[in-house]
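To start, the structure itself, in structure tokens.
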Amino acid sequence: MFYRDSIEVMDDRSWMYRDSPQGLRRMNYCNGVQGFINFATSILMNFTDGGIKCPCRKCKNLKFLHQDVVTMHLLTKGFMQDYLCWYAHGKLFVPNESIVERVVGSTSSASNMHEVGNENSNPYRNMVMDAMRMSEGNASEFPNVEEEPNADAVRFFDLLKDSDEPLWDGCTNHSKLSAVAQVFTIKSDHRLSEVGYNKIIEWARSILLEGNRLKENFYAAKSMMKPLGLGYQKIDMCFNLCMLYYLENAEMTESMTCRHSRYKPRTGRVKTLVAYKKLRYFPITPRLQRLFMSPRTAEYMTWHQSHHAVDGVMVHPSNGEAWKHFNSVHPHFSAESRNVRLGLCTNGFNPFGSFAAPYSCWPVILTVYNLPPGMCKRPEFMFLSMVIPGPSSPRRNIDVCLRPLIDELTQLWSSGALTYDISRKHNFVMRAALMWTINDFPAYGMVSSWSIHGKLACPYCIENNKAFTLTNGGKASFFLLSPSLLVAESQVQKEHERFLCWQS
């Protein structure tokens with residue numbers, strides 16, 4: 001919601017960055033800070049746990065502090081970089097034209113923002129839009145939402161500006177983004193090292209015109225391209241997979257269970273601590289939210305409820321008894337058709353090929369079952385949530401590795417995530433439920449912690465089976481225990497008698 005009338009609009013905000021962060025502040029800066037505090041505290045939804053977000057250089061809107069503490073931080077540390085638009089405090093509109101031009105880009109860029117179907121449109125602009133799940137539609141399909149923009153939207157506009165900004169003034173062949181993207185492609189195709197990349201960039205900048213906008217090194221280029229990729233969290237884990245150094249255990253240096261050290265021993269002049277193993281976790285919530293932000297996918301997220309079902313014909317899991325039973329047990333969840341139903345799949349494979357040294361790497365993939373059958377199994381809708389490193393299988397410790405995913409799924413089930421639905425033009429609280437897992441039998445035993453050995457191996461029959469122990473081998477046998485699955489009962493009896501004769 002946009003609070004235009006809650007306080008007098010402060011058009012000129014040049015006072016925010018006019019003074020040095022050190023030393024005494026000028027009176028206009030102190031008055032401006034007080035005006036900002038008055039504005040932020042006049043909006044009730046800014047308060048969380050009795051505090052508001054602190055936009056100082058250190059906190060960067062990541063902490064909720066008392067307004068007096070926020071005032072002191074702003075007076076001593078100054079505002080965070082590029083916060084002329086107070087998007088985290090309910091202020092989206094900025095009347096200063098230079099600020100609007102800086103964030104969104106030129107007028108011509110904004111007018112052509114969604115010309116994806118045009119053959120002459122910028123392909124790197126299309127790449128940005130596709131990465132942000134906005135590759136279809138026109139400007140009219142994206143309403144003027146008078147709410148605070150999220151970080152993805154800010155990065156989107158910054159990248160959109162880079163896709164149109166020429167590499168140097170007067171350049172017509174390359175933009176700032178296209179140049180970096182093509183050099184990145186060369187580095188990847190020819191396996192260049194970071195040092196080699198920097199040498200090429202140094203040489204290229206020396207022959208380009210003065211004032212060119214080519215990023216000066218690999219680190220700067222990677223920071224620029226990062227919003228196009230898939231963000232992930234690196235979580236240190238025990239060498240024996242018995243614990244994660246995560247949340248309350250993030251500062252520990254050895255395992256609570258096996259007492260194995262967290263870090264490898266330092267050698268030579270190496271000062272950086274390197275963990276034995278790292279878990280890569282890809283948060284699922286932002287990707288689910290983007291399904292509703294894109295006009296090409298938002299309308300299909302309710303297909304499971306709106307499609308015409310034929311009695312006796314199962315074309316989608318929503319036609320099955322398990323889905324219907326879940327709806328009856330959780331009516332509040334099923335009442336919102338946009339709530340997400342997920343399936344989990346995991347298995348091990350050797351990423352280095354069958355002829356390489358044994359190595360077991362375990363990806364964990366989530367599938368969205370709200371979508372039609374032709375979409376839910378497409379690669380772009382099968383989300384990789386984590387990669388459990390090898391070289392050995394996680395076995396019964398896979399639940400330790402799955403903890404970040406379980407925590408996020410629990411959060412999505414209990415409180416959900418505020419999401420904008422582009423098809424209905426409003427926000428809603430998106431919740432999610434993990435309906436089932438899809439694995440082979442050994443992986444099923446690992447994920448569910450069910451013993452797949454012995455007479456109770458079947459999770460459906462359990463003790464109601466007729467398994468017996470072989471006399472000589474001592475192993476459980478399930479041979480010919482399901483006669484109804486075979487064609488002729490006489491044949492079953494004959495095979496059973498032959499097996500008993502062979503056993504004796």
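The values are calculated or read from the model by the stated rules, or taken from the named source; none is laboratory data. None of the values given here were measured: they were computed from a predicted structure. Virtual Cβ from ideal backbone geometry, glycine too; neighbours counted across all protein chains shown. These area figures cover heavy atoms from the full protein model, side chains too; ligands, DNA and RNA do not enter into them. Shrake-Rupley method; radii C 1.70, N 1.55, O 1.52, S 1.80 Å.
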* To do: Write down the radius of gyration of the range 343-493 and its Dmax, each obtained from C-alpha positions, in Å.
  => 21.0, 70
* Might you tell me the accessible area per residue for the range 185-286, computed with a 1.4 Å probe and given in Å²? => 68
* Asked: For the range 254-335, taking Cα atoms only, what is the radius of gyration to one decimal and the Dmax to the nearest whole Å?
  -> 23.9, 71
* Asked: Per-residue accessible area for Leu456 at 1.4 Å probe radius, Å² rounded to 10?
  -> 90
* To do: Determine, from the Cβ-Cβ distance of Arg378 and Arg57 and an R0 of 35 Å, the FRET efficiency 1/(1 + (r/R0)^6), rounded to the nearest 0.05.
  => 0.20
* To do: May I have the extent of the alpha carbons of the range 260-408 along their three principal axes, as whole Å values ordered from largest to smallest?
  => 68, 33, 31
* State, in angstrom, two size descriptors of the range 232-280 derived from its alpha carbons: Rg to one decimal place and Dmax to the nearest whole number. => 10.9, 32
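How would Cys258, Cys59 rank on accessible area, largest to smallest, probe 1.4 Å?
Largest accessible area first, the residues go Cys258, Cys59.
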* Structure fact -> Violations at 25 Å Cα threshold for listed pairs Lys277/Lys475; Lys176/Lys271; Lys176/Lys199; Lys199/Lys278; Lys58/Lys199; Lys60/Lys264 -> Lys277/Lys475; Lys176/Lys271; Lys199/Lys278; Lys58/Lys199; Lys60/Lys264
* To do: For the range 373-397 and the range 302-372, write down the distance between their C-alpha centroids in whole Å.
  => 13
* Structure fact -> Per the Kirkwood formula over distinct C-alpha pairs, the hydrodynamic radius of the range 162-298 in angstrom is 18.9
* **For the range 178-196 versus the range 442-473, the gap between their alpha-carbon centres in whole angstrom** => 52
* To do: Could you look at the range 173-251 and say what percent of its accessible area is carbon and sulfur, using a 1.4 Å probe and all protein chains?
  => 52
